[in-house]
Amino acid sequence: GTAPTDSTQYTIGATVTVMDKGDLEKTGYTFAGWNTAADGSGTDYAAGSTFTISETVTLYAKWTEAPAETYSITNTAEHGTVTANKTKAAAGEIISLTEAAETGYHFANWNVTNSTGGDISVDASNNFVMPAEDVNAGAIFEINTYAVNFSMMGHGTQVVNKSVTHGSTVTKPADPTADGFTFGGWYNEAGC
């Protein structure tokens, strides 16, 4: 842009009102007022402030680096939790994820998507690169499946093997029979 110019001819001792930045812009920076030295080591003046003039003055624009735009990270998980190391991040930042399954479930995979539903790749260390948009960081948990074996322990034949999911009710099979033995019930340890 073009630096503003005050064309007023001031007399020594006059009060000068410091001008705004006009159309000056600096990509990635925010206007931070003026300084009497080009390197910022002089006296600072904010736009709109006043000073008493005693000589010809040149003011230099000061700039501060603008904070990077940040985007939100929303964590979602059913049957467990997922946590990102940040809730907001700038594009290009590395985001680390951790997950914990609730009892009876195990972690299956990541489902990290951008604001339009596109997939975001999560590496083997559970990290992803933050895009320039909001994301949803989700963990997929699957229910545990267990084997339940009903065995005659050498007296007759194996009765049945069942595969059951966590929290479900196991229905025991019909009481088995074996010549010379009376069925005494099911036990959860061999030799009972």
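The values are calculated or read from the model by the stated rules, or taken from the named source; none is laboratory data. All values derive from a computational prediction rather than experimental measurement. Here the Cβ positions follow ideal geometry from the backbone for every residue, glycine too, while neighbour counts run over all protein chains shown. For accessibility, only protein heavy atoms count, side chains too; no ligands or nucleic acids. Shrake-Rupley method; radii C 1.70, N 1.55, O 1.52, S 1.80 Å.
Evaluated with a Cβ-only charge set (Lys, Arg +1; Asp, Glu -1), the chain carries a dipole of roughly 340 debye about its Cα centre, given to the nearest 20.
Note on surface exposure: THR182, THR113, THR70 rank THR182, THR70, THR113 by accessible area, highest first, 1.4 Å probe.
Place a +1 charge on the Cβ of each Lys and Arg in region 67-166 and a -1 charge on the Cβ of each Asp and Glu, then give the dipole magnitude about the Cα centre in debye, rounded to the nearest 20.
On the way: 3 positive and 10 negative charges, 81 e Å.
Value, rounded to 20: 400 debye.
Listed by chain and number, the lysines whose C-alpha is less than 28 Å from the C-alpha of LYS21, apart from same-chain residues fewer than 8 away, are LYS62.
Around the amide H of ASN144, modelled in the peptide plane, lie the amide H atoms of TYR105, HIS106, HIS166, all under 5 Å away and 5 or more residues distant in sequence or on another chain.
Rolled with a 1.4 Å probe across the full set of protein chains, the surface gives PHE31 an accessible area near 40 Å².
Could you calculate, for the chain, the ratio of the Cα radius of gyration to the Kirkwood radius, expressed as Rg to Rh? Taking Rg over the Kirkwood Rh, I get 1.50.
Taking θ as phi - 60° and the Karplus parameters 6.51, -1.76 and 1.60, the scalar couplings of region 36-43 work out to 6, 10, 4, 8, x, 8, x, 8 Hz in sequence order, x denoting glycine and proline. Where a Cα-Cα gap under 29 Å defines reach, which lysines qualify for LYS162, not counting those fewer than 8 residues away within the same chain? Within the straight-line limit of under 29 Å, LYS162 reaches these lysines: LYS172. Each principal axis of the Cα atoms in region 78-184 has its own extent, and those three values, largest first, are 76, 21, 20 angstrom.
For the chain, the relative contact order works out to 14 percent when only alpha carbon pairs closer than 8 Å and six or more residues apart are counted. Listed by chain and number, the aspartates and glutamates placed with their C-alpha closer than 13 angstrom to that of LYS88 are GLU69, GLU133, ASP134; residues fewer than eight positions away on the same chain are left out. Accessible surface computed residue by residue for the chain, with neighbouring protein chains in place and a 1.4 Å probe, gives 65 Å² per residue. Solvent exposure of THR83, expressed as accessible area, is near 70 Å², computed with a probe of 1.4 Å over the protein chains only. Ligands, DNA and RNA left out, the 1.4 Å accessible surface of the chain is 48% carbon and sulfur atoms. Under a 5 Å amide H cut-off, with hydrogens placed 1.01 Å from N, LYS62 pairs with ALA32, GLY33, TRP34, ASN35 among residues at least 5 apart or on other chains. Of the whole protein surface, TYR146 contributes about 90 Å² of accessible area at a 1.4 Å probe radius.
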